[in-house]
1. For Met54, Met188, write out the residues from largest to smallest accessible area, computed with a 1.4 angstrom probe and no ligands counted.
2. What are the radius of gyration and Dmax of the range 111-164, computed over its Cα atoms and given in Å?
3. Round to a whole angstrom and tell me the spacing of the C-alpha centers of the range 162-195 and the range 70-112.
4. Which value at 222 nm does the chain reach when only helices count, each DSSP H run of 4 or more adding -39,500 (n - 2.57), with the total divided by all residues and rounded to the nearest 500 deg cm²/dmol?
5. Could you rank Ile44, Ile105 by how accessible they are, 1.4 Å probe, largest area first?
6. Would you mind working out the magnitude of the charge dipole of the chain relative to its Cα centre, with +1 at each Lys and Arg C-beta and -1 at each Asp and Glu C-beta, to the nearest 20 Debye?
7. Going from most exposed to least, what order do Phe14, Phe160, Phe96 have by accessible area with a 1.4 Å probe?
8. Could you tell me what percent of the accessible area of the chain is made up of carbon and sulfur, with a 1.4 Å probe and every protein chain present?
Amino acid sequence: DGQSALVSISPGFFTGTIGNLLGAGDVPAGGALILVELETGALIHEFATLYTPMHPVITADGLSAWTANYGGDGPSDVGSTVSKLDLVGGSVELEFEVGPRPEQIDLSPDESLAIVSSAGDGAIQLFATNAPEATLSADLVTSGDSSWVLLLDDGSERAFVTNSLNPSSFSLVDIADPMAPALIETVMVATVPYAATPI
């Protein structure tokens, strides 16, 4: 609505090896997920997910959001859930298990399908947003560290995945059957890819 923002306050992977390599310093554990008023900074809602979310995606109508709940980088703080939030009522409508360290989430243009990456096992999964737990797909492992995920909106029934490590690459995935995603191709790159955006 242009009046509020959903803010994920998360250490993500900056408390571990990657944070040390990047010189992040002492990043505190814990975090929060809050809805704030942009003009004043006032807190509207705070959402109590089981693990600290790393990446939220908001539905087009602004009424709901989905979060990939990464947790932290310590061995006792491994997140493993996805949540659906009611942004109007300020509640967690649903939270369900996916895989270790869910990092990024994306919705199809009609918001009927979602894709989530789990960095802890390098896998992606898909689910129908109207019945997430019942339609959660089998894992498709794309690397040792799947990062960003995109559901392409070109009618091709494909998804795009950036793989940060083992191997550093990106993958194209066939999602014609969302319950059984299949790898089309993986392309190696010389750097460490993390994010992606459609053009």
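1. Ranking Met54, Met188 by accessible area, largest first, yields Met188, Met54.
2. Cα-based Rg and Dmax for the range 111-164 come out at 11.1, 30 Å.
3. The range 162-195 and the range 70-112 have Cα centres spaced 21 Å from each other.
4. Mean residue ellipticity at 222 nm (helix-derived): -1000 deg cm²/dmol.
5. I get Ile44, Ile105, largest accessible area first.
6. My answer is approximately 460 debye.
7. Phe14, Phe160, Phe96
8. Ligands and nucleic acids excluded, carbon and sulfur give 56 percent.
The values are calculated or read from the model by the stated rules, or taken from the named source; none is laboratory data. Small disclaimer: the values here were computed from a predicted structure and weren't measured. Neighbour counts run over all protein chains shown; Cβ positions are idealised from the backbone, glycine included. Keep in mind that these areas ignore ligands, DNA and RNA; they rest on the heavy atoms of the full protein, side chains included. Shrake-Rupley method; radii C 1.70, N 1.55, O 1.52, S 1.80 Å.
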